[in-house]
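Comments concern the structure below.
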Amino acid sequence: MNALILSAGQGQRLLPFTADQPKCTVTINGQSILEWQIQELLRCGIESIHVVIGFRADKVETLLANRFKSPSISTLFNPFFSLADNLMTCWIARAAMTEEFILLNGDTLFETAVLEGLLQAPPAPITLVTDEKSHYDADDMKVITQGIQLSKIGKTLPLEQVTGESIGMIRFQSSGAKLFSSALERRARQPEALKQWYLSLVDELAQQGHVSTFSIKGLKWAEIDNPSDLDQAERLLKTCQLLEDSP
């Protein structure tokens, strides 16, 4: 099982914290976002980790070299990070999509039970991790499901049909990895691909019946977009540390 972490962007909405460093290196509760993510992946037995980098790539490479010193944790450089959205970030990493893998947004933090649950979820070509809440805003990556099958995913879905939101974590089994990488190759040939999210491909594959969902309702996670999100993330990580330290 591989893991791909998408960390190529600067994270401009997190300014001034990201003025001279990428979002994934921003420190929360004593460690960078990327360090927290890698620790959780390692804790769950995922040892082959590829981090797609771009803005201030040198800072990420230095952090990984100093902190982990492992040949199984590597980087892939996205030269289009300032020109394209994250669909092209995935395209850069397509060679690592030959077997089962976890795809993780570079700004998603989560308690161990989230990833453990996903790894134990019923088999499906593609499994999207979702959560539920009482209200969804314009920036949420909303989903519409039928049972556990994903029907649609996007930010502009009709609110009366929305059943949850994506947290930025997906499991691909071998068949799903082939479907996704093939879709990436086709879409990358189109000019509009530069400004598209990779979840537009997941939406396409969902409409073909290939995508299941795994709900983590009740478990803890945080997405870090704005400075106000840092306080929520700090509370989450403190809670996770207390759980780990308890007998």
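Quick check: anything in segment 97-112 closer than 15 Å to Ala206 by Cα, of a type in the set (Val, Ile, Thr) and either in contact with a helix residue (DSSP H, G or I) (Cβ under 7 Å, 6 or more places away or on another chain) or free of Cβ contacts under 8 Å to residues at least 60 places away in the same chain (or both)? Looking for residues that are closer than 15 Å to Ala206 by Cα, of a type in the set (Val, Ile, Thr) and either in contact with a helix residue (DSSP H, G or I) (Cβ under 7 Å, 6 or more places away or on another chain) or free of Cβ contacts under 8 Å to residues at least 60 places away in the same chain (or both), one finds none in segment 97-112, hence no.
Those strands (runs of 3 or more DSSP E) of segment 1-84 in which at least 1 residues are farther than 23 Å from Gly176 by Cβ and in contact with a strand residue (DSSP E or B) (Cβ under 8 Å, 6 or more places away or on another chain), considering only elements entirely within it, cover 48-53, 73-77.
Of all the criteria given as (1) under 24 Å from Leu119 (Cα atoms); (2) surrounded by 24 or more Cβ atoms within 10 Å (Cβ to Cβ), the one not satisfied by Ala8 is (1).
Go through (1) within 22 Å of Ile167 (Cβ to Cβ); (2) buried (at least 22 other Cβ atoms within 10 Å of the Cβ) and name the single condition Gly54 misses. Gly54 satisfies all of (1) within 22 Å of Ile167 (Cβ to Cβ); (2) buried (at least 22 other Cβ atoms within 10 Å of the Cβ) except (1).
No other residue among Gln37, Gln31, Gln21 is surrounded by fewer than 21 Cβ atoms within 10 Å (Cβ to Cβ), of a type outside the set (A, V, I, L, M) and closer than 25 Å to Glu116 by Cα apart from Gln31. Scanning segment 105-135 for residues that are in a loop (DSSP other than H, G, I, E, B) and within 28 Å of Lys238 (Cβ to Cβ) gives Gly106, Asp107, Glu111, Gln120, Ala121, Glu132, Lys133, Ser134, His135. Taking the criterion of being in a strand (DSSP E or B) and surrounded by fewer than 21 Cβ atoms within 10 Å (Cβ to Cβ), no residue of segment 85-104 qualifies. Screening Ala138 against (1) among the hydrophobic types (A, V, I, L, M, F, W, C); (2) assigned to a loop (DSSP other than H, G, I, E, B); (3) buried (at least 16 other Cβ atoms within 10 Å of the Cβ) leaves a single unmet condition, (3).
The residues listed here are Thr127, Thr75, Thr108; of these, the one that is surrounded by 15 or more Cβ atoms within 10 Å (Cβ to Cβ), in contact with an Asp or Glu (Cβ under 7 Å, 6 or more places away or on another chain) and within 24 Å of Gln149 (Cα to Cα) is Thr108. For the criterion of being of a type in the set (Lys, Arg) and either modelled with pLDDT of 95 or more or surrounded by 15 or more Cβ atoms within 10 Å (Cβ to Cβ) (or both), Arg43 fails. Of all residues in segment 119-129, at least one satisfies being within 28 Å of Gln12 (Cβ to Cβ) and in contact (Cβ under 8 Å) with a residue 60 or more places away in the chain.
The values are calculated or read from the model by the stated rules, or taken from the named source; none is laboratory data. Nothing here was measured: the structure is a model prediction, and the numbers come from that model. Heads up, the Cβs are rebuilt from the backbone with ideal geometry, glycines too, and the neighbour counts pull from every protein chain shown.
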